[in-house]
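The values are calculated or read from the model by the stated rules, or taken from the named source; none is laboratory data. Note that the structure is a prediction, hence the values are computed from the model and not measured. Note: ideal-geometry Cβ built from the backbone for every residue, glycine included; neighbour counts use all protein chains shown. Ligands, DNA and RNA are excluded from the accessible area calculation, which covers all protein heavy atoms including side chains. Shrake-Rupley method; radii C 1.70, N 1.55, O 1.52, S 1.80 Å.
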Number of protein chains: 2
Amino acid sequence: MLIKRFEQNPLISPNNLSPSVEGWEVVGTYNCGAFKYNGKIGLLVRVIERPILDDPDKVAAPILDFSTGERQLKVKTWPRDEVDVTDPRFVKADVIYDAVMNHLRLAWSTDGKHFEVEPTPILQGENDLQNLGINDPRVLYLEDEYTIIYTANSLWGITTWLATTTDWETFEHKGVIFPPDNKDVALFPEKINGRYCCLHRPAGVYFGGHDLWLGYSPDLLHWGDHKLVATRRPGMWDGERIGCGAESLKTPEGWLQFYHGSDGTNYYLGAILLDLNDPSRVIARTNEPLLAPQEDYEKVGYYDNVVFCNGLVRLSEDLVYLYYGGADKYTAGAEVSISDVLNLLLG
Amino acid sequence: MLIKRFEQNPLISPNNLSPSVEGWEVVGTYNCGAFKYNGKIGLLVRVIERPILDDPDKVAAPILDFSTGERQLKVKTWPRDEVDVTDPRFVKADVIYDAVMNHLRLAWSTDGKHFEVEPTPILQGENDLQNLGINDPRVLYLEDEYTIIYTANSLWGITTWLATTTDWETFEHKGVIFPPDNKDVALFPEKINGRYCCLHRPAGVYFGGHDLWLGYSPDLLHWGDHKLVATRRPGMWDGERIGCGAESLKTPEGWLQFYHGSDGTNYYLGAILLDLNDPSRVIARTNEPLLAPQEDYEKVGYYDNVVFCNGLVRLSEDLVYLYYGGADKYTAGAEVSISDVLNLLLG
């Protein structure tokens, strides 16, 4: 295997955390952004939690209510037989609700393998377009500050947001960078031909589907000049949906992107190599996944059989630590050599 | 009625046009952008056409193929009983195809009521992301040139594109301004607080749906800082989907936008008034539609019971000519007084 799982896996489990709300339970701690700060490795972890219900005949969905001008966490409940919970992650009632509330917490490590998770949320839903919470952050140190790109779910759609920080205590919130439905947005670590560039994953309702696109920006807030980068490969491990992971990595051979693919059941990790000057041009792509759900913490969780990486730390020119979610429940890690992956892609 | 239909309606019908491809038929000429140029009123009309099939047991879908590097118009055919044509606008086979090919033509008038349509397309699908054709243009004269924003359908999703022209003969193509799925993008006629602004209509796959949003841009190509403007009103004429029409009109009371709404069956025209300084703030909105499908050319066509306006010309401070599609088949026109609509909205 080119990708070597850490033997400490899973690095973070729900039972390492206290819920942020009394009487609730933490269901998952996964899909983290990753970065270096003050000699430590930091993770910005997606945390999902839900109220514990006494009555098994009821189902609940948490929602943030800003109608009074204040942030209020509310819980909607329904008799179980009056709603559709075929997919237990969602409650399909008058509209679709998320069965859990999402927020982000920080975790810190000196070795990249043993993490201490902060006891309270650092970022959470703060407005009506985030009323189902925020998730799946990407973190990149760019031009003397950390850019944080995260996804917000709301009753009005899935949007992508930009924030920055220098100290991980105060944040500057920049607004929505992609309207519904888009997610899996990750930057390239430098400007390309004078503009910032990102990969993103818009969703097609009628034609098309969940493919990999890129966009350019003069300022990180406004995005355009979108190009289609890569499409699903029907019948393969990335036949149903694909999307990018963390930032792309600059190599002499091109931009190396560890991306996720799904065959409609499982989520896998693969790699794609993009032209340095025109990253909409694909040079090579792994035919087989580099990482597939195999360990217990990847196979059984909140959503089974998922490995999903949206955070990495480049420790040297060649060595990368990948941080990934297992089964939408656990945070895990692995290491990989860039040259090994390039050899596979170009060999 | 505040909106007075022209007695010359419909202004353009499919039988006024020759097909652009021998052996094909023109099915619709509708949903036009509108503008003033050289003392005339111009329309940039959506034209849909399809091959005439000899065999009633077959269905066809036209598609543009750029795989050789050349633009090739191809027609895919299937036995009728092997595909889903429940909605005759689409052929649902391995993926969803459009049953017609879309292009844009110019039409000219000296009085705004009698139009002559040019015999050939002026803009059409020119790349793989436009392989199902282009449609629903918005035209605005802005800073000494015409900006054209149009929608392209493709097997990779619905995207929105920007082009400019000064002479309606040569065009500068700027690229994709909104990735899938977005459409119904129309500018405000001037910068707001230093940035260009547009209304747009992203589509939500999971949460949310077809609501009215706005975005800002420093340069018309890159868009961000998106805000939700208005949502569907369940049970009303705009309960299922809403989207903007042509450019918003500056009035002393706010930005006046003639927008479309659907109750899931019919498409209607209504009006919404937005704050001059913060157009994401709604001041007023019509409770009843201003225009509903009523005439034959609005009730029976390629898709029945539709009025859909994406073009207008402001003839004076108060007088506006609205150009709208009827039943996805005809181009029609109407006049309206801005002060009448403001009185209704604020009365």
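Placing +1 on each Lys and Arg Cβ and -1 on each Asp and Glu Cβ, with no other charges, gives segment B:168-307 a dipole about its Cα centre of roughly 440 debye. Site pair residue B:66 and residue A:113 shows an inter-label distance of 4.9 nm when each label is modelled 7 Å from Cα along Cα→Cβ.
DSSP assigns beta bridges within the protein assembly as shown; of those with both partners inside it, close to 95 percent run antiparallel. Buried by at least 40 Å² relative to the chain on its own: which residues of segment A:166-182 qualify, computing accessible area with a 1.4 Å probe on protein heavy atoms? Checking the loss per residue gives A:176, A:179, A:180, A:181. Considering only Cα atoms, the convex hull volume of chain B works out to 139 Å³ per residue. Residue and whole-Å distance for the chain B Cβ lying nearest the axis of the B-onto-A rotation are B:222, 2. A Förster distance of 51 Å, applied to the separation of the beta-carbon atoms of residue A:294 and residue B:344, puts the FRET efficiency at 0.20. When the trypsin sites (Lys or Arg not before Pro) in segment A:1-68 are filtered for DSSP coil states and for at most 14 other beta-carbon atoms within 10 Å of their beta-carbon, no site remains.
The lysines whose alpha-carbon is closer than 26 Å to the alpha-carbon of residue A:36, local same-chain residues fewer than 8 away aside, are A:4, A:113, A:174, A:183, A:191, A:250, A:329.
With contacts taken as Cα pairs under 8 Å and at least 6 residues apart, segment B:248-347 reaches a relative contact order of 20 percent.
Each residue of segment A:337-347 was assigned a 3J(HN,Hα) from its phi angle through the Karplus expression (A = 6.51, B = -1.76, C = 1.60, θ = phi - 60°), giving 9, 4, 5, 4, 5, 4, 4, 5, 5, 9, x Hz with x at Gly and Pro. Dipole magnitude for segment B:272-347: computed about the Cα centre from +1 point charges on Lys and Arg Cβ and -1 point charges on Asp and Glu Cβ, it is near 160 debye. The antiparallel fraction among DSSP beta bridges confined to chain A stands at about 95%. The relative contact order of chain B comes to 16 percent, based on Cα pairs under 8 Å that sit 6 or more residues apart.
Stokes-Einstein diffusion for segment A:1-75, with the hydrodynamic radius set to the Kirkwood value over Cα pairs and evaluated at 20 °C in a medium of 1.002 mPa s, equals 138 µm²/s. Dipole magnitude for segment A:1-129: computed about the Cα centre from +1 point charges on Lys and Arg Cβ and -1 point charges on Asp and Glu Cβ, it is near 760 debye.
With N the number of residues in segment B:133-237, Rg(Cα) / (2.2 N^0.38 Å) evaluates to 1.11. Could you estimate the translational diffusion coefficient of segment A:22-153 from the Stokes-Einstein equation, with Rh from the Kirkwood formula over C-alpha pairs, at 37 °C and 0.692 mPa s, in whole µm²/s? In µm²/s, the coefficient rounds to 204.
For segment A:172-315, the carbon plus sulfur part of the accessible surface works out to 43%, probe radius 1.4 Å.
Relative to its residue count, segment B:226-297 spans a Cα convex hull of 100 Å³ per residue. Taking a point 7 Å out from the Cα of residue A:21 in the direction of its Cβ, the residues of segment A:46-71 whose backbone N falls within less than 15 Å of it are A:47-54, A:59-67, A:71. Interface between chains B and A: roughly 3400 Å² of accessible area buried, both sides summed (probe 1.4 Å, protein heavy atoms only). Helical runs assigned H by DSSP (4 residues or longer) give chain A a calculated mean residue ellipticity at 222 nm of -1000 deg cm²/dmol, each run adding -39500 (n - 2.57) before division by the residue total. Spin-label model, residue B:190/residue B:315: points 7 Å from Cα along the beta carbon direction are separated by 2.4 nm. Pairwise Cα separations in segment A:186-282 fall into 10 Å bins from 0 onward with the following percentages, short to long: 17, 49, 28, 5. A convex hull fitted around the alpha carbon atoms of the protein assembly as shown yields 167 Å³ per residue. Roughly how many Å is it from the Cα centre of segment B:170-200 to that of segment A:166-234, as a whole number? Here the two parts' Cα centres lie 17 Å apart.
Using C-alpha pairs below 8 Å separated by at least 6 residues, the relative contact order for segment A:97-198 is 18 percent. For residue B:233, the point set 7 Å out from Cα toward Cβ sits 5.1 nm from its twins in the other copies, listed from shortest up. Restricting to bridges with both residues inside segment B:251-347, how much of the DSSP beta-bridge set is antiparallel, in percent to the nearest 5? Percentage antiparallel, nearest 5: 95. Round to the nearest 0.05 the FRET efficiency obtained for residue B:86 and residue A:304 when R0 = 45 Å and r is the Cβ-Cβ distance. The pair residue B:86/residue A:304 has a calculated efficiency of 0.85.
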